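A quick write-up on the structure given underneath.
The values are calculated or read from the model by the stated rules, or taken from the named source; none is laboratory data. Model, not experiment: these values are computed from the prediction. Counting neighbours? That spans all protein chains shown, and the Cβs are built from the backbone with ideal geometry, glycine included. Note: areas computed on protein heavy atoms with side chains; ligands, DNA, RNA excluded. Shrake-Rupley method; radii C 1.70, N 1.55, O 1.52, S 1.80 Å.
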Amino acid sequence: MDIYGQITKMADEMSGELVTQRRDFHKYAEPGWFEMRTSSIIARKLTDMGYEVLIGDQVCKRDARMGVPSDEVLDEQYARAVAQGADPEFVPYTKGGMTGVIGILRCGEGPTVAMRFDIDALGVYEEKGCSHRPSAEGFASVNEGFMHACGHDGHATIGLGVAKVLMSIKDSLHGTVKLIFQPAEEGVRGAKAIVENGHLDGVDYLIGSHVSDKKADDPAVVIPGSHGSLATTKYDVYFHGVSAHAGGSPEKGKNVMLAVATAILNLYAIPRNSKGTSRINVGTVKAGSGRNVIADVAKMEIEVRGETTEINKYMEEYANNIIESAAKMHGCTYEIKVMGGAYSLTSDQALMDRVRKVCEEKLHLPVAETTSSKSGGSEDVSYMMARVQEQGGQATFMRVLTPEAAPGHNRRFDFDETVLPNAVKIFCGTVYDILGN
């Protein structure tokens, strides 16, 4: 049996193990910067397999993390992770939201291949009805208000499966493997901190993936790449004014409601850009303390997006000018905090072609007719891809295909778990094609 046959056999034989692991991650869902139990378990398993393991400050650059919750909330989540079975050796490294894990396998001289597996859940209340399989079969999230509603429980599991298979064939590999288990992908908050810690420097190939829906009768198991994801920047905007009695002395106040209203109307009026698609959204506004009080503090959560990084920059600059002008117009001050961001991404044709060839000729897995899938959302694997590509390396963001019970980010989301061994085969087969010669 050749190496591709060994990969296929081992992935199929571990199907039950993969399902069990995926359901464990699903049951104990942890959103971005809360993935303390998840990270500790990944670190434990990689260590037991024989990987060189990085965790805590070794993974994310502390001050480059975006959208980090308060210390108080992080402490609460740490206590919960410990109570829910976090590994006692590794969980202390995750305190304060220093989540994420990197496993490294060094196999002598040769290229470096990195793979990205995101591990965070979402702030979604999971469906409790018996028609929802995780609820019916006892692995729905026990953490109220948190749910793996986008398949990252599967991604983390696939990464561990890939680690196990690659360790078993390490004597046939020539080069270095990096398995990056990334925190805080939702809200595009985590990849930048890993890039700024230097973990993509010197990487020759980067492979990422996302589970994606398909019709049950579609034989294809993968789209080799993606393109067209929107560059984005997420902001928290704070306006500060002066409170006063709304009836007795309104002229003594500086009303943040007026600044917010002016900003919202003008943000949505940003002129379109002829070079491509753009987006603006004001998601939340919180302000005021009573109907007879001039409001003096307001918080606004917004995002801008662009078809390209250039268009996103255009939206950023326009939005910043509007916010500054709205505050000044009404005598208020403002501050803007960046809470997340991503570039646009394009997969490299050579690596997409390689994935297709490996799947069709070596693994005998059906591949979609289209080589690259257009994405309408945003993905912070783009930071990693951009770093590799600017060094002359190749990167791709695959779509591993499986029937889904509901769209991503929906409380009824679930997926067909046969995707787990298939994805393990695709990652390992591609890595062997690169490092096995």
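Here are some residues: Asn197, Asn266. Which one is touching a helix residue (DSSP H, G or I) at 6+ places or on another chain (Cβ under 9 Å) and either without any contact (Cβ under 8 Å) to a residue 40 or more places away in the chain or open to solvent by 60 Å² or more (accessible area, probe 1.4 Å) (or both)?
Just one listed residue meets the conditions, Asn266.
Check Gly103, Gly97 and return the single one that is touching a Leu at 6+ places or on another chain (Cβ under 6 Å), crowded, with 17+ Cβ neighbours inside 10 Å and not in a strand (DSSP E or B).
Every option except Gly97 fails the conditions.
Can you tell me which condition Val165 does not meet? The list is (1) β-branched (Val, Ile, Thr); (2) touching a Ser or Thr at 6+ places or on another chain (Cβ under 9 Å); (3) not in a loop (DSSP other than H, G, I, E, B), and all the others hold.
Going through (1) β-branched (Val, Ile, Thr); (2) touching a Ser or Thr at 6+ places or on another chain (Cβ under 9 Å); (3) not in a loop (DSSP other than H, G, I, E, B) one by one, Val165 breaks only (2).
Filter segment 18-33 down to the residues that are open to solvent by 20 Å² or more (accessible area, probe 1.4 Å) and more than 17 Å from Gly138 (Cα to Cα) and list them by number.
none
So Glu317 passes all but one of these: (1) open to solvent by 60 Å² or more (accessible area, probe 1.4 Å); (2) part of a loop (DSSP other than H, G, I, E, B). Which condition number does it fail?
(2)
Look through Thr371, Thr277 and report the one residue that is under 28 Å from the mean Cα position of the chain (by Cα) and either within 30 Å of Gly436 (Cβ to Cβ) or open to solvent by 60 Å² or more (accessible area, probe 1.4 Å) (or both).
Only one candidate passes the filter, namely Thr371.
Could you please let me know if Thr176 is polar (S, T, N, Q) and open to solvent by less than 10 Å² (accessible area, probe 1.4 Å)?
no
For segment 401-421, enumerate the residues that are open to solvent by 70 Å² or more (accessible area, probe 1.4 Å) and of a type in the set (S, T, N, Q).
Passing the criteria: only Thr418.
Restricting to segment 206-227, name every residue that is open to solvent by 40 Å² or more (accessible area, probe 1.4 Å) and over 18 Å from Gly151 (Cα atoms).
The answer is Asp217, Asp218, Pro219, His227.
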